[in-house]
Structure formats: C-alpha cells, structure tokens
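Here the structure comes first, spelled out in structure tokens, and everything after it is commentary.
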Amino acid sequence: MNDTIQSSYDVVVVGAGFGGTAAAHYTARHGLSTLVIERAENIGEKIISGLTIPIYGFLFGPGFIRDGAPPVERPVDGIINYIVIDIDRGDIAIDDTLRVPKPLAPIFAFGYNAYCADFCQWQADEAARVGATIISGMVVSDLIIEDGVVRGVVLEDGRTITAKIVINAEGSQGLLSVKAGIRKKYPPRVISLADTYDYAMDKQDVDRIFGHSIRFLWGWDEQDLAPPLGYGNGLMVWPYGKSLHFMQDQCLAKDDGTVQNLKKRFETYHENVTGKLLWWKDDVEDKTELRAHTWQCFEIFVGLDDELREMPLFTGGMLIIGDAAGLESTELCDGVPSAWFSADIAGRVATEAIEAGDVSGEFLSRYDREIRNHPIIAWSITAPHRYLLRHAQESHDEKLLKKYVHNGWGFEALAHTVVPLTLVFLRVLRQDPRIMTSWVRMYFRYYRHWHHTFSADSSNPGKSLRDHEDQTIGEYIFSFLMWWTDLLLFVFWPFLWLMSYLLVPLVHLTKWTAGFFVWLYEPLWVRLLKWLDAKAVGLTDALTRFAANANPDIFSAKKRREP
C-alpha cells in the first residue's frame, strides 16, 4: 500500500472494509483524488473473519466486483437448518427447502463464502489500481468541522488532512458520526459478539461432508447448545475451500439490560454442541484442526429500532455507509451487500457534489433518501424473523419455532425477498439489459476460479487444463448463446425499458400475495428438489466440468459503461 500522504484530497474514506474500499474505487475511477485510511495494520482484520455473501450483492453491487475474480472460498447452494427439539433424544427437524436446485447448483450460486480479510484486501488492491491511496495502521481520531460542515479528518498523531467529502466507513463501533453530533452510539442490545472457531480441513472432506451448503442450528435455550433464541445466532457452520467456520453470536445485553458472561456462555455452547451433535462428532471432529479462535462485534438489530434506524446518514461534507450507517442485515447478519450498495451510492453522490461545488447537507441529503428508498436495504435491515425467535422460546411452541426458521431461512423466505429483489432487478434492467449475460459469465468465472484455486494444482488459478487453441463445441455453443442473447437484449432494450417501469406497480401488489403463492407452490418445489437431486446428477457434473475446463476467455466480462 502507498505510504505517501498528501495534506488534502477530494475524498477521504475512513475504513478499508467492504464498503470503504468499494466507495474509494468509485471515486478514484471517476478521477477524484481519494485517500483510504484504515486503523488496522492489515486490511480487513477488524471485520468478522468470514461469512456468506448473498448473491444479490454480487448481482446488483459494484461492477468491478461482478466483473472481476474476487477470492471466494466456496460457492453456496443453500441452507440446511437443524431445528433441535431435544438433543439428548436425537429429536432434530431438518428444513433444507431454501436451496438452488441441480443442475443449476453449484455454478448458479445462492451466495459465496469468503474470508473477509482476503476479500477486503482484494478490493483495496483494485481501488489502488484505479488511483486510490490506501494507508493502513493509522487511526482517525476526530473530524475537522467548520461552520457545521465536515472539512477533513484529524489523525491520532495530530496531523490533519482536508477533504471536500469524508466517507465514513469505520464500522459499527465507530465514533466519528457520534462526534459529529448526527448519530449516537449503538446500545449493547443491538450489538452481537461473534465467537468463531476456524478449522483447517481437507478439501475432499469438506466437499464430501458439506458440499456447497451452509448449516444453521436452532434449539431451545435450556439445552445450552446456542445463544438464546432471538438474541443472536444459533450455530452456523460455513464450509470454505480447505477450512471450516464454526460460529455463534449473542447480543451483548438483553432488552431488559441483563448482561451475561459471554465468554463462559460461549464455552458452554461449544462444549455441548460439539459433544452432543452427532454429525459433528461422527463426521467432522476428527477431520479438523483448530487454526484460530476469534471474537468480533457487529450490529444485528439496529434496523429494527425506529429511533436508531431514523438517525441521519449524512451531514455537510460527510456521508456514512455500511455498518457505520446501521445497514447490517437482521436476517442473514451480513452487511456486505448493503455496504456495497451504499458505497456505490455514496461514491456517485460525492462525485456529483464535488463536480457541482456543493458539499452542503442539503445537497448530500439525496444520499440519505436513496439509501432509505433502496428496496433491498430497506428489507434487509428490517426483516424480523431472527428477532421473533424469542417469542417462540417464550411460548415454547415447537410449531412457532419451525415457522420462524422456515420464514427466515427456508423456502418461505422467498415471500419476503421476491419484491425487493425484483424491484432492484427492474432498476438495473432499464440501465442496460445486457447485464444479464454479465451475470451468467460471472457465475461461470467465479466457479472456475474457485475450482482451480482449490484444486490439487492451485499454483495458478487461471491455468488451463488443455490447449485452448481450438474451441470445443461446448465453448462455441456458450459463446454463441451469450452473443445471441446480448443481441436480442439490445434490440428489445426500448421495450424492456418501458416494461421495467410498467411492472413496478404490479410488483408492489405482489407484496400482499407472494406469501400465498409461496405456500401454494412449496409442496411442488420440495418434490422437484428431490427429483432433481436424483435425476440431474449427470447434467450437473457435465456443467461443472465444462466450467472448470473451458477456455477462461469465454467467461471474461465484456466491457460496458459503468455509471
């Protein structure tokens, strides 16, 4: 990273996480002098160690991520929920209805597992490549404020750096917005502490035991297998390339202010679940080696608190993005897509403000409006199902527990996600419908890159397994389909543009009917999944072999004009 700091920049970004580096990429690519200041010595080390990034972040987020080859650790095809009624009797219900069917899976992924430090470092490198200056191991201790407008930052050593715009991406525990007087510190009841075990595991074992699914465990509080229902996450197991994450998290305090000794609680949960959960004991335990044990805090229920959710996301000279703006998903406890979305919007608004010579709060308020009107962000920070689990515990109602799990992380989740995802899809479609072929190429490129990164010969992830001078029939068909689809989308662009507006009212109406149709079609969906699991194995293998062995050039992103 560049260690040379000037005294003034167009944009100073505080924090080099998922949002900060994405915002810096935008402003630097648009010709603004951009400085990113990261407090940690190593990029990404202050963020939770790893997670699943939902697919909508990649589809609708920054173009350089969609069109690049970021360090994803494993494509995810869905969620397997273990609902533990009585661990001692082996009474465990399984809900695995939310997954991508074969032969689409695992190439057309539900999301991607990634280590945060590696991913953020990749984003920082990409931002530096387009001109941003990245400085790590340096703390921003205060803001320069003149006449109510942020004019720069003060470093811990007393140095000052002026900026036309400051983008605050310092995370959930940052205090700059508090010092600016526009937000207040999050209370302990909306902050969760994550207890994460990182295990090394042979790739063949990860493939065989976990495949491409993440596993969640939910159970009654008195079993002491996981944090209290509705006050954090049950056990979450994420498979990576050659490793595994075993993670639970719990709110720092309950709504009544009760604070527990979380270190002791986590030790109890871990001892009980690893000692009693049979698939862990029999299939996993003797095949893993503990590499690290970490703790990180993140906000979990900020969006469910009316007062916290309505706090401003801007002031004169400053925009607040990602976790610093309280944009963590309450359902998936994943703030990456919202960090990316808010970074893109902040980068664009900052660019417009500087070009207009107006960094006032009045001008920057458009950023606040766009964030609050973003369908995916609005849904993700207010989805209630994780919070509602506490009511299932209070009534000890097994049906209610299964219902909330199914609504949040089973097939019923589609009833809540289809409207916001479709609305954003229509927005993107009217800009350039050919983005759909970019998505297809992304899926295949990501899978190929993952496959070769973690194959027996991983020294060159981009290497070919054969001589690509002659195009195979499969490569010819793929290239022709992409070309033909691009042509059709271009020809029908005016029609698609018009439809993208006309369909919006209809999509809003489905908010009231989506639940009924999901309920109606779920039995058919479950039968289809089982049938495809049995019948589509050969086609799935053929597609994954094609993705792994094809000439990588056919999956390369086509150059398009980025906003």
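Listed here are the residues, each with its yes/no results for (1) closer than 30 Å to residue 291 by Cα; (2) modelled with pLDDT of 95 or more.
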site	(1), (2)
13	no, yes
21	yes, yes
24	no, yes
27	no, yes
30	no, yes
33	no, yes
52	yes, no
58	yes, yes
65	yes, yes
Residues (assigned to a helix (DSSP H, G or I) and touching a Gly at 6+ places or on another chain (Cβ under 7 Å)) located in region 282-315: 302, 303, 308, 309
Top-ranked residue of region 372-402 - restricted to ones that are surrounded by fewer than 14 Cβ atoms within 10 Å (Cβ to Cβ) and of a type in the set (Asp, Glu), ranked as nearest to residue 305 (Cα to Cα): 394
Residue within region 71-79 that is assigned to a loop (DSSP other than H, G, I, E, B), among the hydrophobic types (A, V, I, L, M, F, W, C) and more than 22 Å from residue 408 (Cα to Cα) present: yes
Of all residues making up region 255-271, the number that are loosely packed, with under 10 Cβ neighbours inside 10 Å and of a type in the set (Lys, Arg): 1
Residue, farthest from residue 273 (Cα to Cα), within region 183-196, restricted to residues that are crowded, with 20+ Cβ neighbours inside 10 Å and of a type outside the set (A, V, I, L, M): 183
Residue match in region 360-371 (condition: farther than 26 Å from residue 147 by Cα, assigned by TED's automatic domain parsing to the domain that holds residue 152 and of a type in the set (Lys, Arg)): no
Subset of region 194-239 (residues that are assigned to a loop (DSSP other than H, G, I, E, B) and either without any contact (Cβ under 8 Å) to a residue 24 or more places away in the chain or within 20 Å of residue 282 (Cα to Cα) (or both)): 202, 210, 211, 212, 225, 226
Test set (1) among the aliphatic types (A, V, I, L, M); (2) in contact with a strand residue (DSSP E or B) (Cβ under 6 Å, 6 or more places away or on another chain); (3) farther than 30 Å from residue 159 by Cα - residue 87 fails condition number: (2)
Long-range neighbours under 7 Å by Cβ, at least six apart or interchain, first residue closer than 20 Å to residue 160 by Cβ within region 17-43, second of a type in the set (Phe, Trp, Tyr): 33/9; 34/9; 35/9
Residue in region 509-562 that is nearest to residue 108 (Cα to Cα), counting only those that are within 26 Å of the chain's Cα centre (by Cα) and surrounded by fewer than 11 Cβ atoms within 10 Å (Cβ to Cβ): 559
Yes/no for residue 398 being within 22 Å of the chain's Cα centre (by Cα), more than 30 Å from residue 34 (Cβ to Cβ) and of a type in the set (D, E, K, R): no
Qualifying residues in region 1-29 (those that are among the polar types (S, T, N, Q) and part of a loop (DSSP other than H, G, I, E, B)) - the one nearest to residue 67 (Cα to Cα): 2
Residue check for residue 169: more than 23 Å from the chain's Cα centre (by Cα), surrounded by 21 or more Cβ atoms within 10 Å (Cβ to Cβ) and under 21 Å from residue 310 (Cβ atoms): no
Answer from 76, 72, 130 - the residue that is under 30 Å from residue 400 (Cβ atoms) and in contact with a His (Cβ under 9 Å, 6 or more places away or on another chain): 76
Residue in region 167-176 that is farther than 30 Å from residue 239 by Cα, touching a strand residue (DSSP E or B) at 6+ places or on another chain (Cβ under 7 Å) and part of a strand (DSSP E or B) present: yes
Residue list for region 68-113, filter: out of contact with any helix residue (DSSP H, G or I) (no Cβ under 9 Å at 6 or more places or on another chain), acidic (Asp, Glu) and buried (at least 21 other Cβ atoms within 10 Å of the Cβ): 77
Residues being in contact (Cβ under 8 Å) with a residue 24 or more places away in the chain and either among the aliphatic types (A, V, I, L, M) or closer than 16 Å to residue 192 by Cβ (or both) - total across region 258-288: 9
Flag for residue 320 being assigned by TED's automatic domain parsing to the domain that holds residue 61 and either hydroxyl-bearing (Ser, Thr, Tyr) or in contact with a helix residue (DSSP H, G or I) (Cβ under 8 Å, 6 or more places away or on another chain) (or both): yes
Test: residue in region 42-54 that is out of contact with any Cys (no Cβ under 7 Å at 6 or more places or on another chain), surrounded by fewer than 24 Cβ atoms within 10 Å (Cβ to Cβ) and farther than 24 Å from residue 296 by Cα: no
Any hit, region 30-48, residues being part of a strand (DSSP E or B), assigned by TED's automatic domain parsing to the domain that holds residue 131 and not aliphatic (A, V, I, L, M): yes
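The values are calculated or read from the model by the stated rules, or taken from the named source; none is laboratory data. As the structure is a prediction and not an experimental result, all values here were calculated from the model. All Cβ positions, glycine included, derive from the backbone under ideal geometry; neighbour counts span all protein chains shown.
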